[in-house]
Amino acid sequence: MENKTIISNIVAILKEVYEDDRQNTNDVVVSSSSPIVGPQAIISSRGLVEVMLLVEEYAEDELGIEFNWQNDATLSERRSVFKTPQTLAEHLILLKREAA
């Protein structure tokens, strides 16, 4: 699977969650650089959990890799792979390469 496809799929997941997030009152264009965690995050904490679960499912079903989001580095604001869809996709690409 091409890297661009993985990034597009992560953006689509975030967009779906953003649109369903009941606490969302802003109109934001969801892109590969949209913040997922931190004070500028475009989704609520509930939305973040939803993104984590959907990405875990996507990683297993579509990429054939195990994605463990339940560690300190994953959720750390500074080091998180959930900073943006781009950083998350890069992490999944790395995991896929390592699994190959």
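The values are calculated or read from the model by the stated rules, or taken from the named source; none is laboratory data. Just so we're clear, the structure is a prediction, and the values are computed from it rather than from any experiment. Cβ: placed from backbone, ideal geometry, glycine included. Neighbour counts: every protein chain shown. Only protein heavy atoms, including side chains, enter the accessible area calculation; ligands, DNA and RNA are left aside. Shrake-Rupley method; radii C 1.70, N 1.55, O 1.52, S 1.80 Å.
Between A41 and Q70, the modelled label-to-label distance comes to 1.8 nm, taking each label 7 Å out from Cα in the direction of the beta carbon. For the stretch 35-47, putting each phi into the Karplus relation 6.51 cos²θ - 1.76 cosθ + 1.60 with θ = phi - 60° gives couplings of x, 9, 10, x, x, 9, 4, 8, 10, 6, 5, 4, x Hz, in residue order, rounded to whole numbers and with x for Gly and Pro. Cross-link reach is defined here as a Cα-Cα straight distance under 16 Å, omitting same-chain residues fewer than 8 places apart; for K83 the lysines meeting it are K15. When all alpha carbon pairs of the stretch 17-69 are counted in 5 Å bins from zero, the resulting P(r) reads 4, 20, 24, 23, 16, 8, 3, 0 %. Looking at the chain, the pairs of alpha carbons with a distance over 16 Å make up 51% of the total. The accessible area of D61, taken with all protein chains in place and a 1.4 Å probe, comes to roughly 110 Å².
Within the straight-line cut-off of under 13 Å between alpha carbons, the aspartates and glutamates reachable from K4 are E90, sequence neighbours fewer than 8 places apart in one chain being disregarded.
Taking label positions 7 Å along the Cα-Cβ direction at both K4 and S33, the computed distance is 1.8 nm, reported to one decimal. In the context of the full set of protein chains, residues of the chain present 61 Å² of accessible surface per residue (probe radius 1.4 Å, heavy atoms only).
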